[in-house]
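The values are calculated or read from the model by the stated rules, or taken from the named source; none is laboratory data. What you are looking at is a predicted structure, and each value in this text was computed from that prediction instead of being measured. Cβ atoms come from the backbone with ideal geometry, glycine included; neighbour counts cover every protein chain shown. Surface accessibility is based on the protein's heavy atoms, side chains included, excluding ligands, DNA and RNA. Shrake-Rupley method; radii C 1.70, N 1.55, O 1.52, S 1.80 Å.
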Amino acid sequence: MPLVVGADTFLGSRLARELARHTPGPVTTVTGPGGGGALEVDLHSDEALAVLLARVHGQTVYYCADSAELGGSFPTTVSSGTGRGEWARRIDVAVPRDLARVAGQLIYLSTDRVFAQEGPVHADAEPRPGSPYGDLKLEGERAVLSAAPGALVVRVSAPFDDDGTPTHSFAALHTFEAADNETAAPSYAPDVIRSLLGLVGRGDRGVRHLTGPTRLSDYDLHQLASLRWGFDVTPAVTSRREPMREPVPSPGVRLRAPADVFVPRRTRDARSRAAATRLTVFDCVGVVLGRRTWKEVGDGFWDSQDAWGARTGPLPEADFVADAYGPNPYFWRALRAMPLDQPRVLANNGPLASFGIWERRYGFPQIFDLVINSEREGYSKPSPAFFSQVASVAGAGAITLIDDTEDIVRAARRHGWGAARSTLVSTWPVEEYQWE
C-alpha cells in the first residue's frame with residue numbers, strides 16, 4: 001500500500017490523486033494537522049513520527065514533504081533563526097532518513113537547487129548548493145541514499161501545472177511581477193508524476209532528473225501562462241543573485257515545455273487564410289523580444305548584434321545570445337488580445353542557432369502561421385523573396401508590418417503594405433517597444 005507523505009504539498013497532492021486513480025488498493029495520504037489526509041501527522045513530534053514509522057514498515061513511501069512549502073499544514077510557528085533551521089532539517093533530512101530505514105522503498109522528491117553552478121548539469125554531476133535550502137535538500141538526498149541504497153531521489157525544477165505553481169494560482173492573478181534574473185527548467189507536474197510512476201514501476205534507484213526541456217526565467221514562464229489566463233506580467237530583477245540553473249533531464253524523460261502547455265493551438269487551412277482580411281508581420285528583436293538590459297554582456301555585444309548581417313568574426317555562443325533577449329511586455333499583452341484565427345507572421349533577420357532556441361522556448365511555430373529566419377530560409381527582410389513568401393500566406397487580405405528598423409518599414413510601404421515602426425519606451429530590466 002503506497003503512502004504519500006506531504007500530500008498537502010503542490011506535487012504531493014497531485015501525486016496522491018494520480019495514485020488513487022491507478023492503484024488497485026488504498027493510497028494513504030499523510031498530511032500535517034488539519035491537512036485532511038488519511039493520517040494527520042505533526043512531523044515535528046517524535047511521538048507522531050514513531051506512529052508513522054510503524055505504519056510505513058515495508059511499504060512504498062513517496063516523500064513529498066518540503067520545508068520550502070511552509071504554508072501547508074505543517075508547523076509554521078517557527079519562522080526565523082536557529083529554530084526554523086532545526087525544523088527545516090527535520091523535514092528535509094531527519095524524517096525522510098528515518099522513513100527510508102523502515103520503508104520497503106522510499107522515493108524522495110528533491111530539487112535542482114542542489115546546484116549553484118551555471119550551465120547544463122546532469123543527475124550524476126557533483127552538486128554544489130548555493131543556498132541553505134539547497135544545502136538541506138542535498139543533505140536529505142545523501143541521508144536517504146545512505147539509509148536505503150535502493151531509494152530513488154527525484155530532482156524537480158520549478159514545478160507548475162495548467163493552473164499554477166506551488167506559490168499561487170494563475171486564475172488569481174491580475175498583474176504579476178516576475179523575476180527575470182533567475183532561471184530553471186520548469187517541470188510540468190502531470191508529466192513529472194507520470195514519469196515518476198514509470199521510474200518506480202521499473203525499479204529505478206539512485207538520482208534522476210525529472211526536469212523540463214527548456215530553460216526559462218520566472219518572467220518567461222508567466223508570459224507564456226498569461227496567454228491562457230489573461231493576466232499582465234512585468235519583469236523584475238531580484239536583489240539576490242540566483243544561478244541560471246539548467247538541469248538536464250535524465251535519459252528517457254520527456255516533459256512538456258511551458259510553450260506546449262500554454263500557447264493556444266491554432267489550425268488554419270488555405271480557405272480560412274484566403275478569407276482573412278488582415279495579416280500582420282512582426283519583427284522578432286525589437287517587437288516580440290527586447291534586450292535584457294540587466295544582463296552583463298560585455299563591451300560591444302549589443303553593437304555586434306545590431307550589425308549581425310555585416311559580421312565577419314566569430315559569433316557569440318547561441319545560448320548566450322538567446323538569453324540576452326526576453327519577451328517584450330507590450331507585444332505579449334497585444335498577442336492576448338488578437339483573435340486566435342488572425343493570421344500572423346514572424347520575420348527574423350539573424351543567426352538560426354539563437355533563433356532556434358527562441359522558437360522552442362516561446363513556442364513561435366504555434367503562435368505564428370509562418371516563421372521566417374533569414375539564415376534558414378536564405379532570404380531576409382526586405383528582399384523580393386521575403387515579400388513574395390508573406391504574400392503567399394496573406395491570401396487576399398491586407399498586410400501590415402511592424403519592425404524597429406526604419407529602412408525595412410519604408411521598404412514595406414513602397415511595396416504597398418501598411419507599416420509601423422516600433423518605438424522603445426522603457427529600457428529596464430527588459431526593453432519594451434510599442435507601436436500604433
> Put 204, 369 in order of accessible area, largest first, 1.4 Å probe: what do you get?
Replying inline: 369, 204
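Counting Lys +1, Arg +1, Asp -1, Glu -1, what net charge surrounds residue 161 among other residues with beta carbon under 11 Å of its beta carbon?
Net local charge, residue 161 excluded: -1.
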> For residue 299 and residue 205, FRET efficiency with R0 = 45 Å and r from the beta-carbon atoms, rounded to 0.05?
Replying inline: 0.35
>> Ordering 302, 229, 428, 417 by accessible area with a probe of 1.4 Å, largest first, what comes out?
In response: 428, 229, 302, 417
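What length, rounded to one decimal in nm, is gained on full extension from residue 116 through to residue 228, with 0.36 nm per residue of separation minus their alpha-carbon distance? Show your work: numbers first, answer last.
On the way: separation 112, 0.36 × 112 = 40.32 nm, distance 3.21 nm.
Additional length available on full extension: 37.1 nm.
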> Heavy-atom accessible area of residue 208 with all protein chains present, probe 1.4 Å, nearest 10 Å²?
Replying inline: 60
> What order do 168, 222, 174, 122 take when sorted by accessible area (1.4 Å probe), most exposed first?
Replying inline: 174, 122, 168, 222
> What is the local net charge at residue 44, summed over the other residues whose Cβ is closer than 10 Å to its Cβ (Lys, Arg +1; Asp, Glu -1)?
Replying inline: -2
> Given the Cα-Cα distance of residue 334 and residue 169 and 0.36 nm per residue of separation, how much length would full extension add, in nm?
Replying inline: 57.1 nm
> Using a 1.4 angstrom probe and counting only protein chains, how large is the accessible area of residue 294 in Å², to 10?
Replying inline: 50
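Evaluate the relative contact order of segment 87-194 (contact order divided by residue number), counting alpha-carbon pairs under 8 angstrom at least 6 apart; express in whole percent.
About 28 percent, as a whole number.
Would you please classify the overall shape of segment 364-421 from the alpha carbon gyration tensor, given that a ≥ b ≥ c denote the square roots of the eigenvalues, rounded means a/c under 1.5, and beyond that prolate means a/b larger than b/c while oblate covers the rest?
Rounded, because the longest to shortest axis ratio a/c is under 1.5.
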> For segment 146-223, what is the percent of antiparallel DSSP beta bridges, rounded to the nearest 5?
Replying inline: 30
> In whole percent, what relative contact order does segment 308-436 give with Cα contacts below 8 Å and a gap of six or more residues?
Replying inline: 22
>> Cut-off 10 angstrom, C-alpha nodes, Gaussian network model of the chain. Which of 299, 42, 135 fluctuates the most?
In response: 299
> Which net charge results when you count Lys and Arg as +1 and Asp and Glu as -1 among the other residues whose beta-carbon is under 9 Å from that of residue 191?
Replying inline: +3
> What's the carbon and sulfur percent of the chain's accessible surface, probe 1.4 angstrom, rounded to a whole number?
Replying inline: 50
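For the chain, what is the mean residue ellipticity at 222 nm derived from helices alone (per DSSP H run of n ≥ 4: -39500 (n - 2.57); sum divided by total residues; nearest 500 deg cm²/dmol)?
Values: 17 runs with 153 residues, N = 436.
Taking each H run of at least 4 residues, the total per residue is -10000 deg cm²/dmol.
Let me have the relative contact order for the chain, percent, based on Cα pairs under 8 Å that are six or more residues apart.
In percent, rounded to a whole number, it is 12.
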> How much FRET efficiency would the formula 1/(1 + (r/R0)^6) give for residue 238 and residue 366, where r is the Cβ-Cβ distance and R0 is 30 Å, rounded to 0.05?
Replying inline: 0.50
> ³J(HN,Hα) across segment 251-265 via Karplus (A = 6.51, B = -1.76, C = 1.60, θ = phi - 60°), whole Hz, x for Gly/Pro?
Replying inline: x, x, 7, 10, 9, 6, 7, x, 4, 5, 7, 9, 6, x, 6
> Taking segment 8-75, which trypsin sites (Lys or Arg not before Pro) meet the DSSP loop condition and have no more than 16 other C-beta atoms within 10 Å?
Replying inline: none
> What does a probe at residue 21 reach in segment 166-181, counting residues whose amide N is under 16 Å from the point 7 Å along Cα→Cβ?
Replying inline: none
> To the nearest 10 square angstrom, how much accessible area does residue 423 have with a 1.4 angstrom probe?
Replying inline: 80
> Between segment 16-59 and segment 181-238, how many Å separate their Cα centres?
Replying inline: 26
